[in-house]
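S.K.: Take a look at the following structure, please.
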Amino acid sequence: MQLVRPGRADAGPLRAVDLPDVAPGPGEIALRVSACAVCRTDLQLCEGDLAARALPIVPGHQIVGHVEALGPGVAGWSPGERAGVAWLAGADGTCRHCAGGHENLCEQARFTGWDRDGGYATRAIVRADFALRLPARFSDVEAAPLLCGGVIGFRSLRVSGIEPGGRLGLYGFGASATLAIQVARHWGCRVFVCTRSAVERERALALGAEWVGGYDEHPPEPLDAAVTFAPAGSVVVAALRALDRGGAVAINAIHLDRVPELAYADLWWERSLRSVANFTRDDARELLALAGEAPIRTELEVLPLEDANLALARLSRGDVRGALVLQC
């Protein structure tokens with residue numbers, strides 16, 4: 001399912017195409033894709049909120065597949081093995097960011113479904129050193145949402161500075177927050193959720209939230225940290241105002257409409273705003289290892305690959321419970 005030019009989700013911007021099978025190059029593997037979860041970043045790319053970097057492009061960056069072929073020089077993978085592929089498709093490995101353990105900030109980083117074809121397809125070519133091992137207890141469709149919603153939510157928790165047992169606010173409660181709350185509860189955090197959806201509030205309570213409310217409501221206690229998932233700057237300001245002294249808001253968004261003017265008093269007392277830019281392979285490996293051991297589960301609905309446009313339209317309308325996963 002290929003994007004040639006961005007358009008409204010309800011107009012079906014993706015088209016079904018048959019592309020030739022390409023052999024993996026040096027350091028690459030070919031995957032027979034079995035599942036790919038649908039992300040809000042895919043929607044933003046397809047609708048043009050996120051500027052395309054290559055067109056035409058096959059979106060999708062939460063890929064689960066099985067190794068079909070190895071390119072020259074690949075070690076550590078064998079045909080038939082299961083692999084996951086996430087947003088970070090590659091980095092140069094030599095710049096100061098990579099050398100310092102921050103490959104997510106590499107200026108030469110490339111991204112799955114943005115710079116190179118992704119997983120809305122039956123086959124994908126990926127860098128072998130950026131492919132990921134998946135926990136055996138998850139099926140292919142269950143594992144797919146871990147590869148963006150799970151990983152970026154995990155990094156957001158780390159960036160927010162939340163400590164075990166701390167008071168955490170989650171603003172927005174889609175697929176990523178659904179996984180983040182499970183990690184936070186595993187760490188013993190007290191979780192307060194703000195979302196406009198009554199259905200999402202009920203789901204947050206079922207997953208262990210101590211309190212739920214709307215974006216215009218104030219949690220009953222000051223927060224040690226917060227993560228915002230909604231792509232709206234007004235939500236960031238609401239989260240900032242809910243912080244205790246010294247707290248931080250981590251913004252989990254690649255695209256944000258704007259950050260409105262705020263009073264300095266809302267930032268005073270060493271509160272801080274942090275953006276979350278991508279993730280590192282270490283983040284992914286740590287989250288996947290935790291998911292293999294902790295009682296974390298993914299909530300999903302499976303659709304066939306040819307319904308990718310429908311999946312984007314439903315995501316645009318907010319007609320999603322957990323994650324939508326395309327079965328390829």
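S.K.: Can you confirm whether the range 24-36 contains a residue that is closer than 23 Å to G318 by Cα, touching a Phe, Trp or Tyr at 6+ places or on another chain (Cβ under 8 Å), aliphatic (A, V, I, L, M) and at pLDDT 95 or above?
M.R.: No.
S.K.: Continuing with this model, one more query. Determine, yes or no, whether F192 is farther than 27 Å from C328 by Cα and touching an Asp or Glu at 6+ places or on another chain (Cβ under 8 Å).
M.R.: Yes: the conditions hold for F192.
S.K.: Considering only residues that are modelled with pLDDT of 95 or more and buried (at least 17 other Cβ atoms within 10 Å of the Cβ), look in the range 317-328 and name the one that is farthest from R203 (Cα to Cα).
M.R.: Here the answer is L326.
S.K.: Any chance you could count how many residues in the range 109-166 are free of Cβ contacts under 8 Å to residues at least 40 places away in the same chain and crowded, with 24+ Cβ neighbours inside 10 Å?
M.R.: Number satisfying all stated conditions: 0.
S.K.: A further question follows. Has the range 258-276 got any residue that is of a type in the set (G, A, S), touching a helix residue (DSSP H, G or I) at 6+ places or on another chain (Cβ under 7 Å) and not in a helix (DSSP H, G or I)?
M.R.: No; the residues of the range 258-276 include none that is of a type in the set (G, A, S), touching a helix residue (DSSP H, G or I) at 6+ places or on another chain (Cβ under 7 Å) and not in a helix (DSSP H, G or I).
S.K.: Sticking with this structure for a sec: Within the range 300-320, is there a residue that is more than 22 Å from P231 (Cβ to Cβ), assigned to a helix (DSSP H, G or I) and either within 18 Å of the chain's Cα centre (by Cα) or of a type in the set (S, T, Y) (or both)?
M.R.: Taking every residue of the range 300-320 in turn, none turns out to be more than 22 Å from P231 (Cβ to Cβ), assigned to a helix (DSSP H, G or I) and either within 18 Å of the chain's Cα centre (by Cα) or of a type in the set (S, T, Y) (or both).
S.K.: Sort through S139, S156, S160 and tell me the only one that's over 21 Å from L243 (Cα atoms) and of a type in the set (G, A, S).
M.R.: Sole residue among the options that is over 21 Å from L243 (Cα atoms) and of a type in the set (G, A, S): S139.
S.K.: If A248 meets every condition in (1) out of contact with any Gly (no Cβ under 6 Å at 6 or more places or on another chain); (2) under 18 Å from I162 (Cα atoms) apart from one, which number is that one?
M.R.: (1)
S.K.: Taking the range 243-293 only, how many residues are of a type in the set (G, A, S) and free of Cβ contacts under 8 Å to residues at least 24 places away in the same chain?
M.R.: Looking only at that region, the number is 2.
S.K.: Looking at (1) under 25 Å from E270 (Cα atoms); (2) in contact (Cβ under 8 Å) with a residue 60 or more places away in the chain, can you tell me which one C194 breaks?
M.R.: (2)
S.K.: Take the residues in the range 137-154 that are in contact with a Gly (Cβ under 7 Å, 6 or more places away or on another chain) and of a type outside the set (D, E, K, R), then tell me which one is farthest from E293 (Cα to Cα).
M.R.: Out of the qualifying residues, it is L147.
S.K.: Return the residues of the range 85-108 that are exposed (fewer than 15 other Cβ atoms within 10 Å of the Cβ) and among the charged types (D, E, K, R); say none if nothing qualifies.
M.R.: D92, R96, E107 - these are the residues of the range 85-108 that are exposed (fewer than 15 other Cβ atoms within 10 Å of the Cβ) and among the charged types (D, E, K, R).
S.K.: Quickly run through the range 47-82 and pick out the residues that are surrounded by 20 or more Cβ atoms within 10 Å (Cβ to Cβ), of a type in the set (G, A, S) and farther than 21 Å from R155 by Cα.
M.R.: The answer is G65, and nothing else.
The values are calculated or read from the model by the stated rules, or taken from the named source; none is laboratory data. In this text, all values refer to a predicted model and were calculated from it rather than measured experimentally. Backbone-built Cβ (ideal geometry, glycine too); neighbour counts: all protein chains shown.
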